[in-house]
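The values are calculated or read from the model by the stated rules, or taken from the named source; none is laboratory data. Here the structure is a predicted model, which means the values were calculated and not measured. We place every Cβ from the backbone using ideal geometry, glycine too, and count neighbours over all the protein chains shown. Only protein heavy atoms, including side chains, enter the accessible area calculation; ligands, DNA and RNA are left aside. Shrake-Rupley method; radii C 1.70, N 1.55, O 1.52, S 1.80 Å.
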Amino acid sequence: IVFNCVSYGAYPFETDADLIYRTNFSLTLKLLRLLEKRGLSFYVHAGSSSEYGCNAAGPSETAPLEPDSDYAVSKAACAGLLAYYGKKKRFPCANLRLYSAYGPFEDPSRFVPTLVRSGLEGRYPALVDREVSRDFVYVGDACEAFVAAAGAPRARYGESFNIGSGRKTTIGEAAEAAGTLFGTREKPVFG
């Protein structure tokens, strides 16, 4: 079983378009070609909810992809590649479209670590519009999804699966929860 979690371009500071495509798509293609020749049990690919791009309001796995960045295009291309390998070549694989995963080893610049660090300091970080929402999924739950996908029946080869909590959480709700948890006295500023 191979779990491919290699990715580049998900963070605002990862902007090299050539590196995005080389890392996300070209590397995946090379890896699939190598693994195709071996007796692989299953290949699980870390996709992204970014594949949906402009179609981001809780889409189902069958909803059209509308990528809106180089990163989103590269991840959507991987989903297409895996669908081809799984459905046409009968290669044992699945694409997991991860939503906003958080937890241990998360990049410290991301929202949840920033919110926690600020809360520990008795303040709020700079926040976007309070109605912006995310589907936060704990990294341990995402790992369980990888293991479950590796045992998926053959009929699902090449499929993409949304991996999230299934719950929309606004930035305002997250800030309120952090304020309560850390006893932050100041009011959050959104904008």
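A few comments on the model shown:
- Annotation note: Cβ proximity below 8 Å between a residue of segment 175-190 that is under 16 Å from Val112 (Cα atoms) and in a loop (DSSP other than H, G, I, E, B) and a residue that is modelled with pLDDT of 95 or more and among the hydroxyl-bearing types (Ser, Thr, Tyr) (sequence gap 6+ or interchain) occurs for Thr184/Tyr124; Pro188/Tyr124.
- Set Ala77, Ala63, Ala17: member being of a type in the set (A, V, I, L, M) and closer than 17 Å to Ile163 by Cα: Ala63
- Restricting the first member to segment 129-146 and to residues that are at pLDDT 95 or above, and the second to residues that are hydroxyl-bearing (Ser, Thr, Tyr) and assigned to a helix (DSSP H, G or I), the beta-carbon pairs closer than 8 Å and six or more apart or on different chains are Asp135/Ser49.
- When Arg134 is tested against (1) closer than 20 Å to Ala76 by Cα; (2) open to solvent by less than 70 Å² (accessible area, probe 1.4 Å); (3) of a type outside the set (Gly, Ala, Ser), exactly one condition is not met: (2).
- When segment 86-124 is filtered for residues that are over 14 Å from Ser7 (Cβ atoms), open to solvent by less than 40 Å² (accessible area, probe 1.4 Å) and touching a Gly at 6+ places or on another chain (Cβ under 6 Å), the ones remaining, listed by number, are Gly86, Cys93.
- Consider segment 148-162 and keep the residues that are in a loop (DSSP other than H, G, I, E, B) and open to solvent by 60 Å² or more (accessible area, probe 1.4 Å). The one that is farthest from Gly80 (Cα to Cα) is Gly151.
- Among all positions in segment 34-52, there is at least one residue which is over 17 Å from Tyr71 (Cβ atoms), assigned to a helix (DSSP H, G or I), open to solvent by 70 Å² or more (accessible area, probe 1.4 Å) and free of Cβ contacts under 8 Å to residues at least 12 places away in the same chain.
- When segment 99-129 is filtered for residues that are in a loop (DSSP other than H, G, I, E, B), out of contact with any Pro (no Cβ under 8 Å at 6 or more places or on another chain) and more than 19 Å from Phe13 (Cβ to Cβ), the ones remaining, listed by number, are Tyr99, Gly103, Pro104, Glu121, Gly122, Arg123, Asp129.
- Identity of the residue in segment 30-49, out of contact with any Asp or Glu (no Cβ under 8 Å at 6 or more places or on another chain) and among the hydroxyl-bearing types (Ser, Thr, Tyr), that ends up nearest to Asp135 (Cα to Cα): Ser48
- Members of segment 163-182 found to be of a type outside the set (Phe, Trp, Tyr) and either open to solvent by 40 Å² or more (accessible area, probe 1.4 Å) or in contact with a Gly (Cβ under 8 Å, 6 or more places away or on another chain) (or both), listed by number: Ser165, Gly166, Arg167, Lys168, Glu173, Glu176, Ala177, Ala178, Gly179, Thr180, Leu181
- Filter result (within 20 Å of Thr184 (Cβ to Cβ) and either in contact with a Leu (Cβ under 8 Å, 6 or more places away or on another chain) or part of a loop (DSSP other than H, G, I, E, B) (or both)) within segment 132-146: Val132
- Qualifying residue in segment 140-147 (condition: closer than 30 Å to Ala77 by Cβ, surrounded by 13 or more Cβ atoms within 10 Å (Cβ to Cβ), in contact with a Ser or Thr (Cβ under 9 Å, 6 or more places away or on another chain) and not β-branched (Val, Ile, Thr)): yes
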